[in-house]
1. Working only within the range B:292-348, note down all residues that are away from chain A (no Cβ under 14 Å) and part of a helix (DSSP H, G or I).
2. Tell me which residues, restricted to the range B:607-616, are more than 13 Å from chain A (Cβ to nearest Cβ) and either more than 24 Å from B:Phe662 (Cβ to Cβ) or surrounded by fewer than 18 Cβ atoms within 10 Å (Cβ to Cβ) (or both).
3. Assuming B:His633 fulfils every condition listed in (1) in contact (Cβ under 8 Å) with a residue 60 or more places away in the chain; (2) assigned to a strand (DSSP E or B); (3) of a type outside the set (Lys, Arg) apart from one, which condition is it?
4. Among the numbered conditions (1) at pLDDT below 70; (2) of a type in the set (Val, Ile, Thr); (3) over 20 Å from B:Lys259 (Cβ atoms), tell me where B:Val76 comes up short.
5. Give me the pairs, please: first residue somewhere in the range B:513-538 and without any contact (Cβ under 8 Å) to a residue 24 or more places away in the chain, second residue anywhere and assigned to a helix (DSSP H, G or I) and not hydrophobic (A, V, I, L, M, F, W, C), beta-carbon distance under 6 Å, and either six or more positions apart or on two chains.
6. Condition first: closer than 27 Å to A:Ser27 by Cα, out of contact with any Pro (no Cβ under 8 Å at 6 or more places or on another chain) and among the charged types (D, E, K, R). Now tell me which residues in the range B:643-702 satisfy that.
7. Taking only the range B:675-698 into account, find how many residues are within 14 Å of chain A (Cβ to nearest Cβ) and more than 24 Å from the chain's Cα centre (by Cα).
8. Mind telling me which of the residues B:Thr273, B:Thr285, B:Thr281 ends up being within 14 Å of another protein chain (Cβ to nearest Cβ), among the β-branched types (Val, Ile, Thr) and farther than 30 Å from B:Val52 by Cβ?
Amino acid sequence: MKKLILATVLVINVVIFSSCEEKQIDSQKPAINLKTPAEDELIKPGTEIHFDAMLTDDLALRSYKINIHASFDGHTHSAGTRAVTDSVAFEKTWTEADFIKLGDEAIFGKKEVNLYHHHMTIPAEIGGKPLKEGHYHFIIYCTDEAGNESFLAREIEISYNAEEHLPH
Amino acid sequence: MKKIVLVAAFAVIFLSSYSQSITLKGYVCDALTRESLPGAAVVLQPVEIVTVSDGNGNFFFDSPQKGNYTLQISFVGYKPFSEDIYLESDTTIHFHLEPIYFSLNEVVVSGKNSRTSLPSAISAKEIERSFFLKNNSVNFSSSLAKLPGISSMDIGAGASKPVIRGLGFNRVVVADKGIIQQNQQWGADHGLDIDQYDVDRVLIHKGPMSLFFGSDAIGGAIEILPAEVPKENITWGDVSLIAKSNNNLLGITTMTSLKSGNWFFRGRITAQTFADYRVPTDTITYLTWKMPIHNRRLKNTAGRELNASLALNYSRDNVSSWTYIANIFSKNGFFPGSHGIPDLNRLAPDGNSFNIDFPFSTSNHFKISHETDISFDNSSFYFNVGFQQNDRKEMSKFHTHYANQPVPESNPDLELNFRLKTTSLNSRLLFDKESRWNKVVGLSAEIQQNRIAGYSFLMPNYDRYMGSVFFASTYNIRQNLILTGGVRYDLGKLDTRDFYDQTLADHLKSGGYNEVDAGFYAQRAEALDKNFHSFSGAVGVAYNLNSENSLKINIGRSFRLPSANELASNGVHHGAFRHEKGNPSLNPETALQFDLDYSFSNRVFNFSLNQFTTYFSNYIYLNPTGEWSVLPHAGQIYEYTQSRVFLIGGEVELGYRFTENFLFSANMEYTYNKNTNNGYPLPFSPPMNVLAALTYSDHGKGKLMQYSVSLENQNVMRQNRVSNNEEKTPGASLFNVLCSMNWKVNNFRFFTDFQVQNILDTSFYNHLSFYRKLNVPEPGRNIQFILKIPF
């Protein structure tokens, strides 16, 4: 009886373990080195953001995206949306596909990529209304082929009093 | 399980039926101090007559019939004792109970229950109320986490949910007096809503329990059992005061019980309030920010709890019926960094560590239920019916990323509200219970309705209907060898309501997206009408080799219906910062599970080994799709997908009483798992954990009747086996001191429990914590004191 039980246990576990052999898995997230915009950089509506970043992965990159959204009053956004009706908070996502349409090369499969774009325009107005001035989050997301994802957030400030970036 | 052994031992014993009157008297005292023990529960088996020792430790049973019996005696803080006796004339027996204080092995199977018990060869541990005083943590789940194989998924210092062998959320069932607790188990930031002080006995089943509990009982089931009813008319109660230094917790819980004639009444009220908890660090680093933790207190993690419950029992002859009403309310603040990207301004101290500011959650769980057990000659019938409503709110100052979203006119700061109503019915008929082969058939039904409100969206409105039928049986091959097995069939129907977010659609269209793309995101939930069915079952053997060795083996199939969010939701989860997309084509998750439980115990040494192997053919998990979500606060879209998953692991427990006074105890748990689709481990896998304790217990002098002191060392190993996009968690070694004392001043008895947890104020992480991803360490040193006064 005892031997039979022990044998059953052994067989079940050997079968499970042998079917469970280690596949190589990639847990290393891609790295994002965001050079600009700098923390607290001032951006003037109607101009383009000077975006400069380096993306690296130990195996292979997949894609990236950028999102800008309001971060008024910490992250509760209430001051931005509750009282002000004559200005509009800006929110936009750019995915890699948007840049590829403009002639960029895809980063898929590469280990290291330098991004240098001039086509991220902050509109001067939305639907005839000025942009709500204040702090915004600039977030860049990056994935690798295995599905690992990293992101980096930076605070920027949208202000009509900002100086325009010099064209590069 | 021992229950079955007991049933087996006595089912075949013929009881002589002479109507000659005999009295059985006895006396219960402490083996060390020889002090009498009033209030000890004495059970005469197999007739299941219960009595309680009086003020002088005496008890008696009126005119039992001649025959073989077992007397079982249990008293909080003492080893339960049982003795076989043959009654043929008036008998008086003295019992000397050995104190067990609070060894980890206090966990005992006392095996007496008037309810129809569930035949299963899965190891079941019974713990009693004193466990929650001596292993007291912030709530029911985190107190249970001291047991091997159980971990706690914590949301700050207030709310937690249980995890069994790495399976949590809706892969664990908690059944409170026969009614399955239904309260948004799927959510990472929702607690369990159980008052840990309002628990008399808990049975913990590690392993597949779908045969008896249906959907979700894959990891196991935590069964909260009703109190034992004393035979004699008696009135008693107790009040406990709880204080903890780490989060300035103050709590009070008080109970009153009254037994009169056929009626038994019990009421309990618990109130707790606590401040922001302290962490042993001045800064946390999240993303690339260094965030200061002012005064080493984690801002806005304060909370409150207010619970009340009533239980009423009517017992007569062969009928025992209970009616319960309970309301559990809690309010817990969220660390401001946990919902959105943390902002330094929001982490600045507000001068008050007791206040609860936005964001916070409230949860109110109301339950009313009834259960009745009727015994006939050779069968018994049990049923319960219950209604519960969980009302959960997440409050956060109105915010939106979509400029066109208006502020709600009423209750503008209500971000999310789930009102979940569940009505359930369970019935079981046990027959041939005195024969070698006893059988039970059961029928269950459940109706559930979820309704939502709030300016955010996470989970759709839905209605769910479930029905099931099962058959299980126990066959006693010999007195020490029992076969159990059963099958179950469940039918389920889930209707989810459609939710189209017009604001989001308009926002995306104004940003240049076309109708189709905007609609993809704006359709936050699909209307689905899904029908499910599933077979589950188990077969097992329990073998008591001799009085010291026992072995149980079980193979079971368990299942879980996909939840509404897994099927239908679509959008950014504000706590996970992830775009999660439901998958309407999911099938019920099924698992095939093997469990082995070996235990050895004698007077000085005990050892147990639990081993499990689980194979899911279609485990539901969030798979990164590699496709971007265009929504703010989301990276790629994660879609619910099914995969084959293996889990293997086990627990080892040992205790060695090397002198009369010294006890060494230790336990270890380990889980290995793997998603074979992508090769990654499962998320929220508990790391290996080793807990060792050295306990000295003795009787004291003068007013101190007994005391025990323990030094505990908990080694949480590092967890490097992580799912993708999950952080590895380093290990830690923690030291605790526990001291528990029984006092008697004149005729006034009371109990004190004093603990210092995390003596060295070590900074460490719980891999399962909701705040782990923010790199928030677990609470630091805590000194806690509990005073319990019976009256």
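1. If the condition is that a residue be away from chain A (no Cβ under 14 Å) and part of a helix (DSSP H, G or I), then B:His294, B:Asn295, B:Arg296 are the ones that fit.
2. B:Phe607
3. (2)
4. Result: B:Val76 fails condition (3) only.
5. Listed by first residue and then by second, the contacts come to B:Ala518/B:Lys509.
6. B:Arg644
7. Residues meeting the conditions: 7.
8. B:Thr285
The values are calculated or read from the model by the stated rules, or taken from the named source; none is laboratory data. Not measured: the values here are computed from a predicted model. Quick reminder, even Gly has a Cβ in these numbers, built from the backbone with ideal geometry, and neighbours come from all protein chains shown.
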